[in-house]
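Colleague: This is the structure I want to talk about, given as structure tokens.
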Amino acid sequence: MEKSIRKGSRLITDIAACAVWSVFVLIATGCNSALMNPLRLAVLLLGFTGFACLMVMSAGKSRNEKIIAAVTIIAVAIRTFYVLYTGAQQRQHDMGEFGIFHDYNYHSEYIEYLINNHRLLDENIAEHWQFYHPPLQHITCAVFFSIYKSVAPSYGNNWDALQCLSLFYSLVTLTLAKRFTDLWNLKPKAKTLAYLTVALHPQLIVFSGALNNDPIAVMFAIAALYLTFVWYGEEKKSFAKLMGIGLCVGLGMMGKLSAGIVAVPIGLVMVKAFFESKKKPVMFLQYVAFMAVCAPLGLWYQVRSYVLWKVPITYVAKPDLILNPGLIIDQPAWKRFLAFGDGVDYNIITETLDAAVFDGDYYRDHTLLALIGYLLLSVFSVFVITVFANMVICWIKDRSFTDLVITVLFLSQLASYVYFCFSYPYTCTMSFRYIVPTVIAGAYYTGRAKDLSPHLLSLLTTASVYALAVISLVFYGLVWIKG
């Protein structure tokens, strides 16, 4: 129990450190490169040097622990740099433009409406595009920016400051990924490899500057998964941790309803724990309490929309097909997986791989970024193949309950995603950001490859992970040159 308390305390300390760094970046730079000057840059570099020194000093004495500390430093650096060169209207999804009215349709208007009116929109949300989303991210942004404006009124139009929040979400997700590798009983080199998979994943770098609701939903989904593993591993299962799982699932769904898909692997763990328990009546009551926390948090906004305007619980807004008829996909199912070549923008596999490294942005019109981008996409594709291969090897050689949970996580995310792509046959539905929790599965099977996979596959896995990390770092270190 004391060990569990210490772990929880360290996690809280790490999350606090993520918050401190995010706020420091905001104070030093405004999260806006246009505000940078020599003094601000010097303060930022001095602060980062201090952070890096603390990371090195707190690392263990082993070589692999020092490598993990170095990877963390690099991961924080590239995320911070990405935030600085990415504005509130750059490389965003469905954000619109702050200060410009579009009949209440974009995330930016959602946030501004809450700031100005201090209440939810009382019109049919099905008629206001992105307003169908539950409001956790938008409320958080509204409260945060209101405080920011009151503290720094001269920067009242610096909407880039909101990226302080997305940077925080991204860093917490990074911290949780590191904690996951500690739970899996991996050997030192395997742990480093698994962590590197997440630390410099292109999509998670992009999330550090994303102002929509994806980063906060992913953070809570991964936090729920992590707490589930910790809770199940306890001999005397903590009711407080179970409530923490319910809180994270509920808040994840309050950020984005699809975050609730993590309830599938979590539910599997809870069912197993129930049948293993010697106090089933007590555990049943705890599960009732779990649902009493999780369900209202996760579904209240959808229930509200259904009661007021009969909007279905699982409603998803459709794109404007009059303005964008090219978004429609009218192809047979087999072509959605097996058609390849130039002009094929409807293949779920290739479009998802592309989105995982570029997040839907276009870089082929810039020679240097195009060359590096092609290499990045190729290496990522090889890495994905190794993940599937390693998963199969794990099931052949060592079928543990952890393997089952991770596989259920992986397959439930993919199944839901494929169903979504066919239910809403538009090019914009094919995006890796909808299945980001699969990176945890990728990290797990990458780490397991060191112990279980044949030498050649293990070698290919290691090479692809290190190549992906380096090329991803170089690519997103250069994206700013395109603007």
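The values are calculated or read from the model by the stated rules, or taken from the named source; none is laboratory data. Source: prediction; values computed, not measured. Don't worry about glycine lacking a Cβ; one is built from the backbone with ideal geometry, like all the others, and counts go over all protein chains shown. Note: accessible area is taken over every heavy atom of the protein model, side chains too, but ligands, DNA and RNA are not part of it. Shrake-Rupley method; radii C 1.70, N 1.55, O 1.52, S 1.80 Å.
Colleague: List the extent of the Cα atoms of the range 74-155 along each of their three principal axes, largest first, rounded to whole Å.
Modeller: Result for the range 74-155: principal-axis Cα extents of 45, 28, 22 Å.
Colleague: Note down the nm distance, to one decimal, between modelled labels 7 Å out along Cα→Cβ at residue 62 and at residue 307.
Modeller: 5.3
Colleague: Shifting gears a bit: Under the Kirkwood approximation applied to all pairs of distinct alpha-carbon atoms, what is the hydrodynamic radius of the range 3-100 in Å?
Modeller: 15.5
Colleague: Highest mean first, what order results for 46-57, 323-334 on Cβ atoms within 10 Å? It would help to have the intermediate numbers written out before the result.
Modeller: Values: 46-57: 13.8, 323-334: 11.1.
Descending packing order for the listed peptides: 46-57, 323-334.
Colleague: What ³J(HN,Hα) values, in whole Hz, does the Karplus curve 6.51 cos²θ - 1.76 cosθ + 1.60 give for the range 123-136 when θ = phi - 60°, with x put for Gly and Pro?
Modeller: 3J(HN,Hα) across the range 123-136, in whole Hz: 10, 3, 5, 5, 9, 9, 5, 6, 6, 6, 5, x, x, 4.
Colleague: Which value, in Å to one decimal place, does the Kirkwood hydrodynamic radius take for the range 6-49 when every pair of different Cα atoms is included? List each step's numbers first, then the result.
Modeller: Details: mean 1/r = 0.0873 Å⁻¹.
Averaging 1/r across every pair of different Cα atoms and inverting gives 11.5 Å.
Colleague: Listed highest first by mean packing, meaning other Cβ atoms within 10 Å per residue, what order do 158-164, 262-268, 370-376 come in?
Modeller: On the way: 158-164: 24.0, 262-268: 21.3, 370-376: 16.6.
Ranking, from highest mean packing down: 158-164, 262-268, 370-376.
Colleague: On to the next question. Which of the residue pairs 61/191; 272/450; 187/237; 318/482 have a Cα-Cα distance greater than 22 Å in the structure shown?
Modeller: Details: 61/191 16 Å; 272/450 28 Å; 187/237 26 Å; 318/482 30 Å.
With Cα atoms farther than 22 Å apart: 272/450; 187/237; 318/482.
Colleague: Here's another thing I want to ask about it. What net charge do the residues around residue 425 carry, taking every other residue with its C-beta under 15 Å from that of residue 425, with Lys and Arg at +1 and Asp and Glu at -1?
Modeller: So the surrounding residues net to 0.
Colleague: Turning to a different aspect of this structure: If you plug each phi of the range 317-334 into the Karplus form 6.51 cos²θ - 1.76 cosθ + 1.60 with θ = phi - 60°, what whole-Hz ³J(HN,Hα) values come out, in order, with x for Gly and Pro?
Modeller: My calculation for the range 317-334 gives 5, 9, x, 6, 7, 6, 6, 10, x, x, 6, 6, 10, 10, 9, x, 4, 5 Hz in order.
Colleague: Moving to a separate point now. Considering the zone a paramagnetic label at residue 155 would reach in this model (a point 7 Å from Cα along the Cα-to-Cβ line), which residues of the range 11-53 have amide N under 13 Å from it?
Modeller: 22-37, 40-41, 44
Colleague: If you don't mind, there's one more thing I want to ask. Where the Cα atoms of the range 373-483 are projected onto their three principal axes, how long is each span, largest first, in whole Å?
Modeller: Projected onto its principal axes, the Cα set of the range 373-483 covers 48, 36, 17 Å.
Colleague: Could you state the accessible area per residue of the range 393-471 in Å², with a 1.4 Å probe and every protein chain left in place? Could the numbers behind the result be given before it?
Modeller: Numbers: 3030 Å² over 79 residues.
Per residue, the range 393-471 has an accessible area of 38 Å².
Colleague: Continuing with the same structure: Can you give me the accessible area per residue for the range 1-134, using a 1.4 Å probe, in Å²? Show your work: numbers first, answer last.
Modeller: Working: 7010 Å² over 134 residues.
Per residue, the range 1-134 has an accessible area of 52 Å².
Colleague: Let me ask something else. Given the peptides 105-113, 443-451, arrange them by the average over their residues of other C-beta atoms within 10 Å, most packed first.
Modeller: So the order, starting with the most tightly packed, is 443-451, 105-113.
Colleague: Ordered by residue, what ³J(HN,Hα) values in Hz, to whole numbers, does the range 142-155 give under the Karplus form 6.51 cos²θ - 1.76 cosθ + 1.60, where θ = phi - 60° and Gly and Pro are x?
Modeller: 5, 5, 4, 6, 5, 5, 4, 5, 6, 7, 10, x, 6, 10
Colleague: Still on this structure: Excluding ligands, DNA and RNA, what is the solvent-accessible area per residue of the range 214-319 at a probe of 1.4 Å, expressed in Å²?
Modeller: For the range 214-319, the per-residue accessible area is 46 Å².
Colleague: On a straight-distance basis, which aspartates and glutamates could pair with residue 278 in a cross-link, Cα separation under 20 angstrom, same-chain partners fewer than 8 positions away excluded?
Modeller: 234, 235
Colleague: Looking at the range 157-220, what % of the alpha carbon pairs are farther apart than 16 Å?
Modeller: Details: 962 of 2016 pairs.
Roughly 48 percent, rounded to a whole number.
Colleague: For the range 456-477 and the range 73-99, what is the separation of their Cα centres, given in Å?
Modeller: If you average the Cα positions of each part, the centres end up 23 Å apart.
Colleague: Continuing with the same structure: Of the heavy-atom accessible surface of the chain (probe 1.4 angstrom), what whole percent is carbon and sulfur? Don't jump to the answer; show the numbers that get you there.
Modeller: Values: 14660 of 21770 Å².
Roughly 67 percent of what the probe reaches on the chain is carbon or sulfur.
Colleague: Sticking with this structure for a sec: Give the Kirkwood hydrodynamic radius (Å, one decimal) of the chain, defined as one over the mean of 1/r across all pairs of different Cα atoms.
Modeller: Values: mean 1/r = 0.0427 Å⁻¹.
In the chain this quantity evaluates to 23.4 Å.
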